[in-house]
Amino acid sequence: MLFYTPNISFFMESLTQLLDACTYPEKLQLVEYAKIKNPSGGKKLMLMKLFVHHPGLSDSEYSQKIYKKPECPAYFQLKKRVKDEFEELFILLKPVCTKRETQLHIECSELLLKSQLILARGIRSEGAKLLERGLKMAVKHSFHDLVLTIYSTAIRFELCEVLNNNDLPELEIVIKSHLQLLIKKNYHKSDDQTQSKNQHLKTMIRKLNYSRNSWSRLNDIKKSIKHHEYENALFLVTEAESECNYATEAKTRDELLLAKMSILLAKREFPELLEECIDLGDTSKYSQENKLNHSMKHWYALFNLNKIAEAHQLLRKYIMKIAPDQNPKWAYMEAYIYFKQRALTPALKQIHACQKDLKGVHSYYLGSKMLELMILFDQNDQDWLEYKIENFRKLISRDKFKSNSRITNAFQLFSKLQKSLYKPKTIDLSQDLLLLNLQSEKADLKWSPDSFELIRYDTWISSILIKHNT
């Protein structure tokens, strides 16, 4: 039988160099660390002890001591595992560097690594503190390369309080300036025009070029959606999808799919949107932001297709757990679910419970007041309705923000509707200009299914008018 034998001299040399770089107390410390994760009678720990306590023996001698054979093929695999373990444990030792700058750079890198390890375990506050310390240290000592790593970490773990996308223009200046300084300091142009043969860098450049093109296209798609150019946006998505393959960056594919869902939602093609959401399947590899983005689109599709029980289940079992910091918004959505289910008392109780917390989200706060009026209309509670309409009128008149146009128009209709309850035969709202404007969605009266107006005001008013006329 033939055994594969690795490059023995390479392993021996690199392992020897690794251990020679340590003092004897440090070597003993490495062995103590190894005892924690290896069984006391294990061959790996035995060989580690031999390298520390009996250095300089030949491979044959080490093999004889471990396997009772001087030329055992298993020895070289064991030796490779020992080298890998020494390297893992090596980072636990504090190096003493002759250059203070190198020492500080290592310490800053350690801070970043600690923050990443803690954040990966879901300990956000402590991880953010360590990352913040790393940022201050990197800025103080001009470690521009580490600032980019800190930004990437902050984005990966969604720590906008450390660094966020608003800092990108300044970050770009920092990185570009740093690279220019590196080039001026270290790159001396010679007559030799031979290009670099570093294949790793060439591969990275190819990937970067692809990513740059992909994100540029995604920006074009988002711009088209923003300007309501849905057909053009869908064409760009389809074109990009046709060029995707298994080598395509996963994040790019995910963003394309989410962009397609945004188009279907904006076009109100809810059956197609629901189909896309279901076909996607597992979203466990998505970022928290994209998980929420996807599940919200799924919820809007279910809600607008009157699959209310499924929408409620998705909200309760998934959405609320992804982003508990947005609980007032989820409570608002749940109130709409109760309203659709004709559970008017729970809906009113829910909207009262979350109203105070919605004050920081202006449109949703006003939306909660509108839903409260809709519930009171359906309960036919004339006294409370009159009181609440008058209060809301005062709120809008002193509103320091510009109220949403659909709320302003719909509220005027609500006021007329409340008066018509007393004289249903004399006031006809079916051809009222305010209602027609809401239905036509001209200019700033366009309805968005992913806004605070989860049930269209004009649709609800029309249903009330039909009910009163029958």
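Couple of notes before you dig in:
- Breaking point among (1) surrounded by 11 or more Cβ atoms within 10 Å (Cβ to Cβ); (2) modelled with pLDDT of 85 or more, for Lys207: (2)
- Within the stretch 360-402, the residues that satisfy the criterion of being part of a loop (DSSP other than H, G, I, E, B) and over 27 Å from Asp325 (Cα atoms) are Asn380, Asp381, Arg398.
- From Lys260, Lys321, Lys291, Lys285, residue being under 20 Å from the mean Cα position of the chain (by Cα), under 27 Å from Asn219 (Cβ atoms) and surrounded by fewer than 16 Cβ atoms within 10 Å (Cβ to Cβ): Lys285
- Residue list for the stretch 327-362, restricted to those being buried (at least 16 other Cβ atoms within 10 Å of the Cβ), at pLDDT 95 or above and of a type in the set (A, V, I, L, M): Ala331, Met333, Ala335, Ile337, Leu344, Ala347, Leu348, Ile351
- Looking across the stretch 97-135 at every residue that is out of contact with any Gly (no Cβ under 9 Å at 6 or more places or on another chain) and among the β-branched types (Val, Ile, Thr), the one that is surrounded by the fewest Cβ atoms within 10 Å (Cβ to Cβ) is identified as Thr98.
- If the condition is being among the hydrophobic types (A, V, I, L, M, F, W, C) and part of a helix (DSSP H, G or I), then the stretch 89-127 contributes Leu89, Phe90, Leu104, Ile106, Cys108, Leu111, Leu112, Leu113, Leu117, Ile118, Leu119, Ala120.
- Which listed residue, of Lys442, Lys388, is surrounded by 12 or more Cβ atoms within 10 Å (Cβ to Cβ), of a type outside the set (Asp, Glu) and within 43 Å of the chain's Cα centre (by Cα): Lys388
- Tally of residues being over 23 Å from Gln379 (Cβ atoms) and out of contact with any Ser or Thr (no Cβ under 9 Å at 6 or more places or on another chain) across the stretch 448-470: 2
- Flag for Asp59 being of a type outside the set (A, V, I, L, M, F, W, C) and in contact (Cβ under 8 Å) with a residue 12 or more places away in the chain: yes
- On inspection, Phe51 does not qualify as over 23 Å from Tyr24 (Cα atoms), over 22 Å from the mean Cα position of the chain (by Cα) and surrounded by 18 or more Cβ atoms within 10 Å (Cβ to Cβ).
- Checking each residue in the stretch 363-385 for being without any contact (Cβ under 8 Å) to a residue 12 or more places away in the chain and buried (at least 16 other Cβ atoms within 10 Å of the Cβ) picks out only Tyr365.
- Filter pass, Leu45 being closer than 30 Å to His178 by Cβ, at pLDDT 90 or above and in contact with a helix residue (DSSP H, G or I) (Cβ under 8 Å, 6 or more places away or on another chain): no
- Odd one out for Lys394, checked against (1) of a type in the set (Lys, Arg); (2) under 25 Å from Asn293 (Cα atoms); (3) free of Cβ contacts under 8 Å to residues at least 24 places away in the same chain: (2)
- Qualifying residue in the stretch 340-355 (condition: among the aliphatic types (A, V, I, L, M) and touching a Lys or Arg at 6+ places or on another chain (Cβ under 7 Å)): no
- Members of the stretch 1-27 found to be modelled with pLDDT of 85 or more and either surrounded by 14 or more Cβ atoms within 10 Å (Cβ to Cβ) or touching an Asp or Glu at 6+ places or on another chain (Cβ under 6 Å) (or both), listed by number: Leu19, Cys22, Glu26, Lys27
- Residue ID - farthest from Trp447 (Cα to Cα), chosen from residues in the stretch 306-344 that are polar (S, T, N, Q) and in a loop (DSSP other than H, G, I, E, B): Gln341
The values are calculated or read from the model by the stated rules, or taken from the named source; none is laboratory data. Just so it is clear, the model here is predicted, and its values are computed rather than measured. Heads up, the Cβs are rebuilt from the backbone with ideal geometry, glycines too, and the neighbour counts pull from every protein chain shown.
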